[in-house]
Amino acid sequence: MAYLLHHLLTKSAARLPDKEAVRFQEQSLTYAQLETLTNQMARTLRASGVQRGDRVGIYIHKSLASVISVFGIMKAGGVYVPLDPNAPPKRLAYITRNCDIKVLLTSTEKLARLLQFLAEDTPLETLILTDDGGQAQDDLPAGIQVIPWAEVDAQDGGSLPPSGAIETDLAYILYTSGSTGDPKGVMISHQTIFTFINWCYETFHMTQDDRVTSHAPLHFDLSTFDIYVTIKAGGTVVLVPEGLSVFPIQLTKLLQNEDITVTYLVPSILSLMVNYGKL
């Protein structure tokens, strides 16, 4: 019986290894591929010093790498903390200090912007790159270790020794908008979110034939339905590109072209699709 979030992936990968697990634009990963990549990421994180309960930041735009990151961090025993890739550097630096994030998963396209919030006195020690687009290591502050994607890809992708995590351990921390002051971190355990996931799975009769949009960014709690309920069912997560919600016609086309069976949207976006998207 699965009781940690990443067990959902491992169980579905054993049952449906060749099934498409996640899709983003023209790229996709099967369950077997996603299981292997997340094991490689977890081993990289453990080798970099991540232990049970450590907070690990995710600072990348929505992509296959974002899904690899959340499962890899949890498999390593860590707690994932999504950083809004479009947020101001001061906010990102505050969250990094507040959570004591020492390891950050990021992409080469974010390195230039990353320099701005590294200058805000953050505790970061290690950057793990989620792509092979090269490095800008010379520009980073002294003492910051950069682990390129090639090192992640060289890791053993086989099953991992248990991290020691239990169901009451934290799975992730999401930060509020901070409209009344500083952003507040909302801490969610594996056990807590499992209650929601199991309810959704049973209520909406999710199956391996479902194709489900992932519309919300990782730092929004709606993302947990998109990713974890779909993975539990053995369905396919279809990542919606950032910004597409402002183009209702394109969003409607995506639902049609990707044969989407389940989508989780806020009413304002649905209204745009009805009024302007020819839904």
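A cut-off of 5 Å between modelled amide H atoms, ignoring neighbours fewer than 5 places along the same chain, links residue 214 with 238, 239, 240. Count Lys and Arg as plus one, Asp and Glu as minus one, and take only other residues whose Cβ is under 12 Å from that of residue 151; the net charge is then -1. Placing dummy labels 7 Å off each Cα toward the beta-carbon, the span from residue 247 to residue 151 is 3.7 nm. According to a simple spin-label model (label point 7 Å from Cα along Cα-to-Cβ), what is the distance in nm between residue 51 and residue 27? Distance between the two pseudo-spin positions: 3.4 nm. Students often get this wrong: which residues of region 235-268 have the backbone nitrogen under 11 Å from the point 7 angstrom along Cα-to-C-beta of residue 208? Counting backbone N atoms under 11 Å from the label point, the list is 235. Taken as Cα centroids, region 179-238 and region 100-118 sit 26 Å apart, rounded to the nearest whole angstrom. Largest GNM mean-square fluctuation across 220, 247, 117, computed for the chain with C-alpha springs under 10 Å, falls on 247.
Between residue 14 and residue 119, full extension at 0.36 nm per residue minus the direct alpha carbon distance yields a gain of 33.4 nm. Near residue 30, the amide H atoms lying under 5 Å from its own belong to 21; only residues 5 or more places off or on other chains count, and H is placed 1.01 Å from N.
Please work out the FRET efficiency for the pair residue 166 and residue 97, using the Cβ-Cβ distance as r and a Förster radius of 25 Å; give the result to the nearest 0.05. With R0 = 25 Å, the Cβ-Cβ based efficiency is 0.35. If we count every other residue with Cβ under 15 angstrom of residue 206's Cβ, Lys/Arg +1 and Asp/Glu -1, where does the sum land? Result for the local shell: +1. Taking 0.36 nm per residue of sequence separation and removing the Cα-Cα distance, the residue 271/residue 61 pair yields an extension gain of 73.0 nm. If amide hydrogens are placed 1.01 Å from N in the peptide plane, which non-local residues have theirs closer than 5 Å to the one on residue 107? Amide H neighbours of residue 107, under 5 Å, 5+ apart: 130.
When the chain is treated as a GNM, springs tying every alpha-carbon pair under 10 Å, which of 17, 248, 217 comes out with the largest mean-square fluctuation? Ranking 17, 248, 217 by mean-square fluctuation puts 248 first.
Taken together, the values in this text are just the output of simple stated rules run on the coordinates, not laboratory data. Since the structure is predicted, the reported quantities are computational estimates derived from the model, not experimental observations. Cβ coordinates were reconstructed from backbone atoms using ideal geometry, including for glycine residues, and neighbour counts include every protein chain displayed.
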